Structure formats: structure tokens, C-alpha cells
Amino acid sequence: MTTLLYRVQLVPRPIVIDQNGLPVCNAYVIDIVFPGDTADTILGRVNKIIGPGVAKILVGDTTIRGVSLC
């Protein structure tokens with residue numbers, strides 16, 4: 001299994017889909033991470049997203065990291 005076979009659809013709720021856009025049975029989204037940075041402002045430190053996110057998913061008994069979002 002490779003990360004190219006799966007993507008995570010965020011709307012209406014995070015689900016794992018295959019290359020045809022169909023939900024994958026027995027697959028779960030474990031974690032979604034966005035790269036971030038902080039900026040100092042007058043109101044204090046603010047966190048901001050600086051790039052595309054990636055997900056960690058579980059398909060059957062296999063954990064796959066670095067899955068792209070759509």
C-alpha cells in the first residue's frame with residue numbers, strides 16, 4: 001500500500017477515499033497535521049498555517065503516514 005492510493009476528504013467529515021473518490025472500508029483518519037509557524041503581533045504570538053496538511057490513516061492493520069488532503 002502506498003500513500004498515492006489514498007487521500008483524505010475533509011468535507012463533510014474526514015474520510016479516507018481511494019483513487020476513484022470512493023470511501024475505503026475499514027479505514028480511519030487518525031491524525032491531520034498542518035505545518036505552522038508563529039508571528040509576533042501587537043496582540044501577542046499568533047500561529048499560522050504555512051503549507052498543505054497531511055494525514056495519518058489506518059487501513060485495516062496498516063498505518064500510513066503522509067497522505068494528502070483533498
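The values are calculated or read from the model by the stated rules, or taken from the named source; none is laboratory data. The model shown is predicted, which means the values in this text are computed figures rather than measured ones. Cβ coordinates were reconstructed from backbone atoms using ideal geometry, including for glycine residues, and neighbour counts include every protein chain displayed.
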Fill in: Members of segment 12-50 found to be under 12 Å from the mean Cα position of the chain (by Cα) and not basic (Lys, Arg), listed by number
14, 15, 16, 17, 28, 29, 30, 31, 32, 33, 34, 35
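Does segment 52-63 hold any residues that are assigned to a strand (DSSP E or B) and under 19 Å from residue 13 (Cβ atoms), and which are they?
Result: 54, 55, 56, 57, 58, 59.
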Worksheet item: Which one is surrounded by the most Cβ atoms within 10 Å (Cβ to Cβ), of the residues in segment 13-68 that are of a type outside the set (A, V, I, L, M) and touching a residue at least 40 places away in the same chain (Cβ under 8 Å)?
Response: 14
Worksheet item: Scanning segment 1-51 for residues that are of a type in the set (Lys, Arg) and in a strand (DSSP E or B), which turns out farthest from residue 67 (Cα to Cα)?
Response: 45
Discussion item. Among the residues of segment 3-12, are any of a type in the set (S, T, N, Q), loosely packed, with under 10 Cβ neighbours inside 10 Å and at pLDDT below 95?
Written reply: no
